[in-house]
Structure formats: structure tokens, C-alpha cells
Amino acid sequence: MKVDEMGGVNAPSSAPHGDEGHGHEENYEPVFTGAARAELDEILTRYPTKMAALLPALWIVQRERGWVSESSIAETAQALSLTPAYVKGVVTFYTMYHQHPVGKYFIQVCTTSPCGVCGAEGVRDAFLKHTGCGDLGVTSGDGKYTVIEVECLGACGFATPVMINEEFVESVTPAKVPEILKGLR
Amino acid sequence: MGFPHPSSPKETPVLSQYFGDAEARTVEGWRTRGGYQALETALRMEPAEIVNIVKESGLRGRGGAGFPTGIKWSFMKPGDGKPHYLCCNADESEPGTFKDREIMRWTPHALIEGCAIGAYAIGAETAYIYIRGEFTEPLRVMDKAVRDAYAAGILGENAMGSGKRVDVHVHKGAGAYICGEETALMNSLEGKRGNPRIKPPFPAVAGLFGKPTTINNVETLAAVPHILNRGAAWYKSMSLSNPKSAGTKLFSVCGNIAKPGNYEVVLGFPFKDFLYDVCGGPLPGRKFKAVIPGGSSVPIQTMAEAEATLMDYEGFIAQGSMLGSGGVIVLDDSQCMIKVIARLTRFYAHESCAQCTQCREGTAWVTRIMERIEAGSGTMQDLDTLLELSENMTGKTICVLSDSCAAPVVSGIQKFRDEFEAHITGKRCPMRTAVAA
């Protein structure tokens with residue numbers, strides 16, 4: 001499908017629809033108002049198509065809301081003259097857009113082979129134990145932590161790198177995990 | 001230099017000279033280190049002159065494929081009436097590779113300068129730097145550097161007072177290894193799922209937004225200002241092996257080795273000297289067992305092969321592997337090859353975009369078999385199945401992700417077959433008890 005045709009194929013309805021999978025957002029407040037709208041407008045000037053602003057727009061959504069809900073997908077689609085189905089297809093392709101709410105601290109432990117041979121699995125297990133998450137992708141009971149395995153963070157010389165929200169912690173060993181978690185409180 | 005370790009006297013720091021030097025991150029700091037002179041000169045030259053210098057320098061792509069940069073640039077036809085684009089591939093996601101991260105963290109203006117020169121040379125007014133979403137610090141540093149470069153009049157509609165327009169934008173990815181493939185990157189930049197495109201048409205004909213596009217790796221573009229400043233002959237003369245491989249190259253070293261980090265050496269440097277001297281050799285009490293020298297997508301080398309290698313495009317091929325991205329993954333005698341390879345195939349299964357059947361099914365199938373063998377439930381027939389699957393996954397898909405998954409499997413079975421057989425006949429991993437003991 002050509003870029004320019006997307007907007008006209010199936011124009012999104014004016015009202016963002018409900019979010020049955022993750023709780024109905026009856027009182028959805030749009031993201032793209034005020035400063036966020038101005039930010040998106042500036043981003044749009046960088047590209048010859050509106051569609052190219054989709055990844056940046058979704059990053060704004062995630063920054064403001066912590067995750068990308070069905071309502072936000074519909075709103076983003078409308079802002080860029082795309083269809084919600086198209087936007088959802090893009091959201092689900094990329095691993096970094098959260099399709100569910102996650103813990104206050106989103107902890108990604110790199111366990112790909114270069115880190116794996118330096119003991120990354122032990123680091124992963126230590127995070128699961130000390131956060132109380134128990135299992136990968138599960139948010140701790142207090143809503144504080146979600147731990148996942150991530151594929152190569154591109155910091156292999158500093159094994160094991162762990163990404164906590166927007167920050168990298170490098171050269172993590174299982175013994176350092178309690179101290180790192182203490183620093184988050 | 002061997003960031004984060006002190007530089008080795010055997011290194012030749014060109015790109016990495018200012019790693020760890022926070023002042024080099026600022027416009028003024030970069031200028032006092034000779035920065036932006038090359039761009040100023042370039043904007044007063046004819047684009048074709050710049051392309052010729054880069055051609056003569058012998059610079060080849062540092063992202064993996066090793067295509068001659070000047071020739072790639074010469075595919076862009078001036079005066080065709082279409083907008084041209086430059087893409088900088090900063091999606092560095094190849095397991096074992098973390099060199100572009102350091103270039104962006106420490107010398108963001110080197111990359112901006114290289115992008116601006118490249119864009120002007122190919123007749124483009126706009127360059128996009130596509131940085132993987134996980135690189136939060138490089139993204140922050142590059143964002144600031146781009147803003148500062150605009151504020152200083154280096155970028156924009158009158159770049160460095162030349163009357164020529166050069167825009168550079170940073171674009172943040174969102175987590176997908178496949179977006180390091182050039183056409184997947186372009187789809188992703190256009191706001192689409194990152195599926196690689198069928199070629200032809202090649203990017204120089206129809207690339208980003210359907211327009212003529214050149215795409216280069218971070219390290220390639222960062223080398224360009226040095227070439228313009230010091231001349232093609234200087235760059236071409238840096239070779240310890242053969243004239244097809246010239247210049248310096250950053251190698252990211254990780255895994256079971258004393259001093260992991262980034263090291264910059266002249267192409268053709270002896271790999272044995274590199275591993276045992278520059279990088280400090282094995283960890284105490286350990287012996288090296290194998291090396292994956294060019295990121296996880298290249299064939300595994302035995303130590304005999306690695307120790308006989310000259311580090312250049314031809315040298316790694318002559319010793320059973322490839323230079324690739326320069327991400328050197330070192331494995332010592334405490335590692336189980338089956339476990340390492342199984343984890344790599346799981347990586348590729350996770351990252352397959354699933355367009356092509358051979359890749360979508362093959363990466364997952366290979367992973368199931370590898371994990372079965374690792375768990376001690378494999379059969380000898382599994383080895384034949386793995387080789388047959390790998391054959392069907394190589395050279396048959398839109399991009400090379402599928403081939404990359406097959407590479408460690410095939411080279412692993414060829415070079416470390418005894419370890420596979422030990423898992424199958426012993427019905428468990430022989431290393432597991434050895435390490436525990």
C-alpha cells in the first residue's frame with residue numbers, strides 16, 4: 001500500500017473507541033494537546049509524510065501515559081490520518097511499546113549469548129527474586145517492578161547491562177542487584 | 001583507544017581518539033579538536049570531488065557488508081530532479097557489537113559532520129540518523145549535539161554560511177533487530193513495520209520515501225571527515241595486509257576475555273596479537289575455545305583459525321568466517337557451545353520479521369532442536385536435520401536474517417561436532433557437571 005493512500009482508505013472515526021482488552025477508557029484524555037501537540041507538529045516538519053511521524057508519536061504517547069492503549073492507538077491514528085488497525089500493526093511489531101501497563105520500574109536484562117556467557121542468567125534470576133516478580137513479564141504485587149529478558153542491548157563489553165526505564169546499568173552481577181534495587185526506592 | 005580500558009600502544013586511534021573525553025561532545029570542544037573543518041571544506045567543493053576522494057581512500061562499509069563507500073555514493077545520480085536522502089544506520093543491534101554506541105556517546109559531532117558531508121556529496125539535503133530505541137544515552141547525546149549544531153549555524157538552510165541546505169534529524173527506533181537491515185530501516189523510518197523490502201529496486205534507485213537513498217553505518221560516516229582532512233592517500237596507506245582493506249576499524253570485544261571494550265586497529269592487524277595482547281588474553285585459569293569475530297551472524301572460528309587470521313575483510317574469510325560488524329565474541333573453555341548456539345538461534349527466532357517462510361519457520365524450528373539437544377534429548381538425526389534446515393534457510397529469503405541464524409549452527413556442527421555428539425550420547429550437557437565440580 002502506498003504511503004499517500006493510507007489516510008484515505010478508511011478514515012478513523014472521530015471518537016476513540018473503547019479498550020476492551022485492558023479496561024474501557026471511558027474518560028480518555030487525549031495525549032496530543034498543548035505541548036505534546038506542538039511537539040508532534042514540530043516532528044512532522046522533519047518528514048515528507050505524516051506516517052513517518054508514527055514512531056515518534058507513539059514514543060510521546062508512551063512517555064505521557066506509560067503504555068500504548070487502544071484509545072491512544074485510535075488517537076494517534078487520527079492525529080496522523082492513519083487507521084487504528086494500521087497503527088496497531090506497527091505498535092505490535094516493535095518490542096519497546098508497552099501494550100499493557102507495566103511496573104513503575106521496567107527492568108530489562110540482556111541475556112543474549114555475549115552476556116549469557118558472562119553470567120546474565122544469574123542476573124536475571126536475582127532481579128526476579130529480589131523484586132518479588134517471580135516470573136518474567138509479571139508485575140510485582142506492589143506495582144513497582146516488571147522484569148523481562150531483552151535481546152542484545154548493544155553493550156556487550158559491559159556485561160551484564162540492565163536497562164531500568166530509560167537508564168542503563170552496566171557490568172551488573174547478581175550480588176549487585178539488591179543494591180541497585182535499593183537505589184530505586 | 002580501548003575504552004573503557006587505557007589505550008594499547010598497538011592501537012591506531014582515529015575514530016576513538018576522543019572516547020572518554022567529555023569536552024569533545026560539545027560544538028566548541030569538537031572545533032578545537034579540528035572538527036567541522038572538513039565539512040566547511042566539503043561545502044565549497046563539487047560533490048563529485050568528495051565522492052572521488054572517498055573512492056580513492058578505499059573506505060569500505062563498516063556495518064557488515066564491506067561495500068566500497070565511494071562507489072555506493074556514486075550510484076546517486078546528480079540532477080535527476082528528485083529529492084535524495086542519506087540514512088545513517090545507528091540501529092547497532094548485532095549481538096557482540098557496541099562500537100557505534102561509543103562513537104555517538106563520545107563524538108556525536110563526528111557523526112553529524114560525516115552525515116552532513118555524505119548528504120552533500122550524494123545531492124541530499126536531508127540525513128536521518130536512525131538510532132535503536134534502547135540507546136537512550138546515545139539518543140540524548142545525539143539529540144543535543146544536533147540542536148547545538150543547528151544553533152551554531154552548522155546545519156540548516158545555510159550550513160556553515162555556504163548557502164547550501166543540510167538538515168540532520170535523529171529518529172528513534174522502537175526495538176527490532178531487523179531494522180538494522182537497510183530496507184527494513186527505511187520502512188521503519190517511514191512509520192511502517194520493519195519488514196525488509198525485496199531488492200531490486202536498490203535504495204539508490206528507490207529508497208526512503210521511494211526516493212534515491214544512500215545508507216551508511218555510523219562508523220563509515222564518522223571516518224569521512226578524517227579522510228577529507230588528511231587525504232585519501234593517508235587513509236589508503238593504513239593497511240597491514242592488502243590494499244583492498246584500508247583504514248582503521250573499531251572492534252568491540254566481549255565475552256570471556258580479560259579486557260572487553262572497543263579497540264581501534266589498522267586493518268590487517270594480527271588477530272592473535274589482538275586477542276592475547278591488546279585485549280589481555282583469557283581470564284585467569286581459562287583458555288580460549290572459540291571466537292565469533294564479526295557479530296553473531298558470522299561463522300564461528302576455532303582458535304586455530306582465529307590465531308591465523310589477519311583482521312580485515314579478506315583475512316576473516318580466509319579463516320572460515322567474516323569481518324562483519326567487528327563485534328568479537330570470545331568464548332572460553334567454561335562455555336558449552338550448544339548452549340551458546342541455542343541462545344543465538346533463539347535470538348534470531350525472536351527477531352525474525354516473519355515475512356519469509358524459511359526464516360519464520362526455520363529459526364523457530366532450529367531453536368527447538370538446539371534446545372532439545374542442549375537438554376540431552378537430541379538424536380544423531382537431529383544434526384542432519386539441522387544441516388538440512390540451515391541449507392534451506394541460506395540464500396532463499398528477502399534478507400539475510402535467516403542465513404545469519406544458520407551460520408552459527410552450521411559452523412558449530414562442522415567445528416565442534418564432538419560437543420554436539422557428547423550431548424546426544426551422554427543425554428545431558430557434559431559441561432554442566434564439569435563446571436559445577
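The values are calculated or read from the model by the stated rules, or taken from the named source; none is laboratory data. For clarity, every value in this text was computed on a predicted model and none was experimentally measured. Every residue, glycine among them, receives a Cβ derived from its backbone with ideal geometry; neighbour counts consider all protein chains shown.
The table below lists the values:
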| item | result |
| --- | --- |
| Candidate set: the stretch A:44-72, residues that are out of contact with any strand residue (DSSP E or B) (no Cβ under 9 Å at 6 or more places or on another chain), in a helix (DSSP H, G or I) and among the hydrophobic types (A, V, I, L, M, F, W, C); chosen: the one farthest from B:Thr126 (Cα to Cα) | A:Val61 |
| Evaluation of B:Asp167 against (1) acidic (Asp, Glu); (2) within 14 Å of chain A (Cβ to nearest Cβ); (3) crowded, with 24+ Cβ neighbours inside 10 Å; (4) more than 23 Å from A:Ser113 (Cβ to Cβ) (one fails), failing number | (3) |
| Out of B:Gly175, B:Gly180, B:Gly194, sole residue that is at positive phi and not basic (Lys, Arg) | B:Gly175 |
| Residue ID - nearest to the other protein chains (Cβ to nearest Cβ), chosen from residues in the stretch A:165-177 that are part of a loop (DSSP other than H, G, I, E, B), closer than 16 Å to A:Gly116 by Cα and not polar (S, T, N, Q) | A:Glu170 |
| Answer from B:Thr26, B:Thr97, B:Thr69 - the residue that is β-branched (Val, Ile, Thr), closer than 30 Å to A:Phe158 by Cα, at pLDDT 95 or above and within 22 Å of the chain's Cα centre (by Cα) | B:Thr97 |
| Pair list, Cβ < 8 Å and 6+ apart or interchain, from the stretch A:42-55 residues that are facing chain B (nearest Cβ under 7 Å) and of a type in the set (Val, Ile, Thr) to residues that are crowded, with 16+ Cβ neighbours inside 10 Å and outside any loop (DSSP other than H, G, I, E, B) | A:Thr49/A:Val3; A:Thr49/B:Phe209 |
| Among the candidates A:Gly137, A:Gly154, A:Gly116, A:Gly132, residue that is at positive phi, free of Cβ contacts under 8 Å to residues at least 40 places away in the same chain and surrounded by 18 or more Cβ atoms within 10 Å (Cβ to Cβ) | A:Gly154 |
| Qualifying residue in the stretch B:275-296 (condition: part of a loop (DSSP other than H, G, I, E, B), surrounded by 24 or more Cβ atoms within 10 Å (Cβ to Cβ) and among the hydrophobic types (A, V, I, L, M, F, W, C)) | no |
| Within the stretch B:387-437, helices (runs of 4 or more DSSP H) holding 1 or more residues that are under 26 Å from B:Lys199 (Cα atoms) | B:401-415 |
| Residues of the stretch B:240-260 that turn out to be within 14 Å of another protein chain (Cβ to nearest Cβ) and surrounded by 24 or more Cβ atoms within 10 Å (Cβ to Cβ), as a count | 8 |
| Yes/no for B:Ala184 being away from chain A (no Cβ under 12 Å) and either out of contact with any helix residue (DSSP H, G or I) (no Cβ under 9 Å at 6 or more places or on another chain) or touching a residue at least 40 places away in the same chain (Cβ under 8 Å) (or both) | no |
| Selection count, the stretch B:190-221, where residues are hydrophobic (A, V, I, L, M, F, W, C), crowded, with 22+ Cβ neighbours inside 10 Å and under 17 Å from B:Ala65 (Cα atoms) | 3 |
| Residue list for the stretch B:304-351, restricted to those being more than 28 Å from A:Cys110 (Cα to Cα) and hydroxyl-bearing (Ser, Thr, Tyr) | B:Thr309, B:Tyr313 |
